[in-house]
Amino acid sequence: MLTASPTTPLTLAANLTELWSPRVIGSLDDNYIKVAKVRGELVWHSHDGQDELFFVLQGRLRLRLPDREVELAAGELFVVPKGVPHLPIADEECLLMLIEQKATAHTGEVVTAQTRSIEEQLR
């Protein structure tokens, strides 16, 4: 977990080298605070017992949901309710901050080459 010296989530996300590979930067009670650098699509997935907060630090993110699509710009956030399938999409590079329960699996029950374990997210 990155806690050695104060820095901004934007700087931490910008310094990531892998896409769709969140990094834990802190914890708050039973939640992890993460940053990620994304581009393209992740995968349709859901988190049956957990909400997921997306906060755009830089760029634009689309969240495709079964009944609509949500577009977020820098400074905007959206909470995907527990159990709702969603597909995160970034047409251009986008930097995110995420808040998720510690038990939240990166891509829910779906496992792809992009899926990261919590151990990988804590490195």
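The values are calculated or read from the model by the stated rules, or taken from the named source; none is laboratory data. Here the structure is a predicted model, which is why all the values come from computation and not from measurement. Note that each Cβ is placed from the backbone with ideal geometry, even for glycine, and that neighbours are counted across all protein chains shown.
So the values come out like this:
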{"read-out": "Meets criteria (assigned to a strand (DSSP E or B) and surrounded by 16 or more Cβ atoms within 10 Å (Cβ to Cβ)) for Val35", "value": "yes"}
{"read-out": "Matching residues in segment 59-80 - criterion: being in a strand (DSSP E or B) and in contact (Cβ under 8 Å) with a residue 12 or more places away in the chain", "value": "Arg60, Leu61, Arg62, Leu63, Arg64, Leu65, Leu72, Ala73, Leu77, Phe78, Val79, Val80"}
{"read-out": "Filter result for Glu93 (of a type in the set (D, E, K, R), out of contact with any Ser or Thr (no Cβ under 9 Å at 6 or more places or on another chain), modelled with pLDDT of 95 or more and closer than 19 Å to Leu19 by Cα)", "value": "yes"}
{"read-out": "Test: residue in segment 55-65 that is closer than 15 Å to Thr115 by Cα and out of contact with any Gly (no Cβ under 6 Å at 6 or more places or on another chain)", "value": "no"}
{"read-out": "Any hit, segment 42-53, residues being surrounded by fewer than 14 Cβ atoms within 10 Å (Cβ to Cβ), in contact with a strand residue (DSSP E or B) (Cβ under 9 Å, 6 or more places away or on another chain) and modelled with pLDDT of 95 or more", "value": "no"}
